Each structure stands twice: as structure tokens, then as C-alpha cells.
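Just so it is clear, none of the values below were taken in a lab; they were calculated from the coordinates. Note that the structure is a prediction, hence the values are computed from the model and not measured. No Cβ is skipped: glycine too gets one built from the backbone with ideal geometry, and neighbour counts run over all protein chains shown.
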Amino acid sequence: MSDAPQLSRLRVVNLRSHLAGPFDLTLAAGECVAIAGPSGSGKSLFLRMIADLDPNQGEVFLDERERRSFSPPAWRHRVIYNAAEPGWWSESVADHFRGEAMEFARAMAPRLGLALSLLDGPVVRLSTGERQRLALIRALALASPVLLLDEPTGALDEESSQRVEALLRERLADGTAIVMVTHSPQQAARLGHRHLQMAARHLVPA
Amino acid sequence: MNPILLTPVDLAIASVLIVLDGVLSLVLRLGLHRQLAWAALRMVVQLVLIGFILRWVFAIASPLVTLAVILVMVAIAGREVAARPEQRLGRFGNYAVGASAVAIATFLTAILALTTAIRPQPWYDPHYAVPLAGIVLGNVLNGASIALDSLLGGVVRERSAIEAQLALGASFRQAMRGLIRGSVRRALLPIINQMSAAGVVTLPGIMTGQILAGMDPLEAAKYQILLIFLLSGGSGLAAVAVVYLAAMRLTDERQRLRIDRLTAKAKGSRP
């Protein structure tokens, strides 16, 4: 890789909190960084700090514009954190996909092996794997320039994982930058342009 | 028509019923007799004491003393609101939130009633201001503590749902909307039940008291209606105030959900 990257999509500078860091990371458009590391090493914390969901210091730039110049909702709308165990704020699945997002979900569900009828049912009837895929669709529907994915296929079998990866590869081709936490070395090898290891709340090259 | 005054002997006879409760507890091994005796004793001492204090406050009829008495009542109510939830906001947050909400709701409703409907001369006459503030406080306390408990418990329970919305670009206000609505709703249900049951299932306390004190039942009913309106308004105000004040303390300038500002209450501790 060249050491003079073009304009960065996401740039993290000295990001830290009393729990983790400092972290530095730069991603070009269309680049995917895969982060591995044991549970509790700070992988989720790192992603949550970038999304500004946990208190932190340091700077994060999206297309060279600093985070503080965005309102918090505007920032999180562009730099989306997708949790390993996604939350649901309403009983019906459809409430989580409003307007155009619903059309998007109807188009994407079959590609991830999900029955369309799931979209009209209640959240409680979804399996863990179905929830994970639907949450990913929910995040992808916003077409954000950056995705922070926390074990996006953690609850999925091999076939579903491949389907998710195919979808993510399309996003990368469109210029989305992805920071992905994954426990699967194969997945990291397939998707990640770069591989990092989280150890004791610090990032090191894998 | 004059009220029939009670003598200490009358009370002593009635207290036989408490003794009966104690005997029941012993016979059925409920283990409540000691608590029962203690609670009964507390009740008698507290009420007699407040009787003397009110007699003194009424006699000097000073607006400052009246205000001081009401403020003490508000502080105690705030403490009760703060103590009930399982979750605690840091830096005495429960207390600050509870006391402010209770104070806002009580003062607004009590002053409205004193200056428009009841209109004593002067309007802050302690004969009216103190008992009115007291009854409003009792209900406001209930509404505020239900709302606060529901909000703080809900934030912990629904943390992932709230953060999922934040992570997708919702504002803190949007992400909290469902929980805020649910908490205020829960706080208002008791007063709605109370209104529906009034006069059919129960004869409300004020009305009973005034009838016993010799007032015409229809006049007593009118008083009761006024009071229930005040209580509903007060409860609603307190619930809304407590919920918004608490929500403000659960976020920061970057609209995060600051669950780290909550701690679960240690068993048996006070705020």
C-alpha cells in the first residue's frame, strides 16, 4: 500500500477515553479495516467512541471535516455504529423501517436469505440471526459514508455470512469505508484491506 | 352545625382496633406486630405534632412562616420521590430532580387555587395554603415518583433500544420519546382511576372529612371536585417536570445516553 493515501474518508486522531486508547486510524474511501482481538479488549468501545456514543477526547474527521462541526445526530447518521446485539425500539419490525427504508428492506431481505413476511411481523418472533441481518439492513438503508460494524455476522451461519459479505463488498465498491470487528480470520481475510489487533485497549497491526 | 369534638378517651377506644391487628399478627404469625405498633405510634406522634405546629402557624399568620412550612413539606416530598426508584442519578440527581418537580407542580397548582377558586383573605392565609399544599403534595409526590421510577428503570432496561436509535442518527429527544411518554402515562393512571372511582367506590377523604365536620354534602362535593382537578393538574405537571429534568441529566452536549450517571441503589439506603 502506498504511504501517501489520497483524501481520507475517516481519520481518527488521538482518540481516547479513561477506558481505552489512544487510537489513530485512517481509512480511504472504499477501504475496510478488520479488527480482531479477545472479548473485553476494547473493540466495541473503540467503535462507540468513533460514533460519539461514549464520552471521549480526540478528533475524528469525515472527509476531512471534524466531528464537532456536525450536530451529534448528523454525525451518527453518517458514521453509523451497528452493535453486535442490535436494539429494537418498537414491537413491530416494520416500525424500524420507515418510508424509503421499507422499500430498501424489501429489496435487500431476499438477498440476505430473509423471508419478506418477517418485515410485517413482531420483533420477538425473529431469531438472533434474523435480527442481526435486519439490523444490518436498517443501517445500510441510510447509505452512510462510514459503517462501524461490530461482529456483523457473529450470529450467522457460513452461507448467510457470505451473503452479508457480498452486500458489504458492493458498499465498499461505492466508496463506503468500513471498520469491522470480527472474530473470523477468514472473514477478515476476505473483506479487510488491513488487519488490526486490539490488545489491552490499544490497536496494533495484526 | 358544629363538629363533634373527639376526646382522648374516644381515641383510646378506637386504638383497640390496632391492638386487634397486633393480636391477629401474633395468632397468625405474620411477624408484623412490632412494625404495626411502631407505625401506629409514629402516626399518632406525627399527627399530634403537626396539629400543634399548624395551630402555631395559623396563630401567627405570617406569610414567611407559611412559606417556610410549605418548603419543608416540599423538601420531604422531594426526598420521598428520590428514594423510591431502584436507580440513582449521580450527584444527588434524584433529589434535585424530585424536589424541583414537586415544588414547581405544587406551587403552580396551589397558587392557582388560592388566587382563583378558594380566594381566602389574604390569599396566602395559612388556614388554606398549608392544607392545600399538603394535599396537592401528597398526590404530586405519587405522580412524580412513579414517573421517575419508570423513566430511570426504563432507561436501564431499554438501553440498547435507545442507543440503536442514537446510532442511526436520531436525536436524544427522539430516542427517548417512547420512554418519556410511557412514564408520564403511568404516572397519570392512578389519578384517572381515582376520578372514576370517586363517589362510587370510595368517598374521597376531603369530602368525608368535611361531611364529618358538619358541612353540607353538596358543598363538600364541590370542594372535592375542585381538589381532584388540582390534584390531576399537579400530578401531570410533576410527572412531566420530573421526566424532563431527569432526561436532561441522562444526556450531555453530544446527545449521548449517559447511563454511567446512574447507579443501582444499595439495599436499604436513602438518597
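Miscellaneous remarks
- Grouping the Cα pair distances of the range B:14-168 into 5 Å bins from zero gives a pair-distance distribution of 2, 8, 13, 13, 13, 13, 13, 11, 7, 4, 3, 1, 0 percent in increasing distance order.
- Note on the protein assembly as shown: antiparallel DSSP beta bridges, both residues inside, total approximately 55 percent of the bridges counted.
- Fewest-first ranking of B:130, A:179, using other Cβ atoms within 10 Å as the exposure measure: B:130, A:179
- For a label point 7 Å along the Cα-to-beta-carbon line of residue A:19, residues of the range A:27-55 with backbone N under 13 Å: A:40-55
- Convex hull (Cα only) mean projected area of chain B, reported in nm² to one decimal: 18.2 nm²
- Rounded to the nearest Hz, the phi-derived 3J(HN,Hα) couplings of the range B:198-208 under the Karplus curve 6.51 cos²θ - 1.76 cosθ + 1.60 (θ = phi - 60°) are 4, x, 9, 8, 10, 9, x, x, 5, 4, 4, where x marks glycine and proline.
- Whole-number D in µm² s⁻¹ for chain A, Kirkwood Cα-pair radius fed into Stokes-Einstein, 25 °C, 0.890 mPa s: 141 µm²/s
- The helix-based estimate of mean residue ellipticity at 222 nm for chain A, built from -39,500 (n - 2.57) per DSSP H run of four or more residues and divided by its residue count, is -8500 deg cm²/dmol to the nearest 500.
- Using the Cβ of residue A:72 as centre and a radius below 12 Å, the other residues enclosed give a net charge of +4, where K and R count +1 and D and E count -1.
- For the range B:211-228, 3J(HN,Hα) computed residue by residue from phi via the Karplus equation (6.51, -1.76, 1.60; θ = phi - 60°) reads 5, 4, 7, x, 7, 4, x, 5, 4, 4, 5, 4, 4, 5, 4, 4, 5, 5 Hz, glycine and proline entered as x.
- Largest GNM mean-square fluctuation among B:142, B:193, B:94, using chain B with Cα springs under 10 Å: B:193.
- Karplus (6.51, -1.76, 1.60) ³J(HN,Hα), θ = phi - 60°, over the range B:18-23, in Hz, Gly and Pro reported as x: 5, 4, 4, 4, x, 4
- Taking 7 Å steps out from each Cα toward its Cβ at residue B:44 and residue B:62 produces label points 3.3 nm apart.
- For the range B:35-127: relative contact order, % (alpha-carbon pairs under 8 angstrom, 6 or more apart): 29 percent
- Model label sites at residue B:121 and residue B:10, defined 7 Å from Cα along the beta-carbon direction, differ in position by 3.2 nm.
- Taking amide H atoms as placed 1.01 Å from N in the peptide plane, the amide H of residue B:88 lies under 5 Å from those of B:263, B:264, B:265, each 5 or more residues away in sequence or on another chain.
- Relative contact order (%) - criterion: Cα under 8 Å, at least six apart; region: the range A:54-206: 22 percent
- Estimated [θ] at 222 nm from DSSP helical runs (n ≥ 4, -39500 (n - 2.57)) normalised by residues in chain B, nearest 500: -25500 deg cm²/dmol
- Here, the range B:212-261 is characterised by an Rg to Rh ratio of 1.42, where Rg is the alpha-carbon radius of gyration and Rh the Kirkwood radius.
- Between B:143, B:93, B:178, the GNM of chain B built on Cα springs shorter than 10 angstrom shows B:178 fluctuating the most.
- Shown here are the Rg and Dmax of the Cα trace of the range A:113-206, at 14.3, 44 Å.
- Restricting the range A:74-117 to trypsin sites (Lys or Arg not before Pro) that sit in a DSSP loop and have at most 10 other Cβ atoms within 10 Å of their own Cβ leaves A:98.
- Calculated translational diffusion coefficient of the range B:1-80 (37 °C, 0.692 mPa s; Stokes-Einstein with Kirkwood radius over alpha-carbon pairs) equals 210 µm²/s.
- The tail of the calculated P(r) for the protein assembly as shown beyond 33 Å holds 53 percent of all Cα-Cα pairs.
- For residue A:114, nonlocal amide neighbours, meaning residues 5 or more places apart or on other chains whose placed amide H falls under 5 Å from its own, do not occur.
- Using a cutoff of 8 angstrom between alpha carbon atoms and counting only pairs six or more residues apart, the relative contact order for chain B works out to 26 percent.
- log10 of Debye I(q)/I(0), alpha-carbon scatterers only, for the range A:1-109 at 0.20 Å⁻¹: -1.17
- Between the range A:26-53 and the range A:133-168, the alpha-carbon center distance in angstrom: 15 Å
- Coil-residue GluC sites (Glu not before Pro) of the range A:71-165, DSSP, other Cβ within 10 Å capped at 16: A:91
- Residues A:119, B:148, A:156, B:26 arranged by fewest to most Cβ contacts within 10 Å: B:26, A:119, A:156, B:148
- Scanning residues 5 or more positions from residue A:199 or on other chains, those with amide H under 5 Å from its amide H are A:204, with H placed 1.01 Å from N in the peptide plane.
- Translational diffusion coefficient (Stokes-Einstein; Kirkwood radius from C-alpha pairs) of the range B:165-271 at 20 °C, 1.002 mPa s, in µm²/s: 125 µm²/s
- Within the range B:171-212, the proportion of Cα pairs with more than 14 Å between them is 63 percent.
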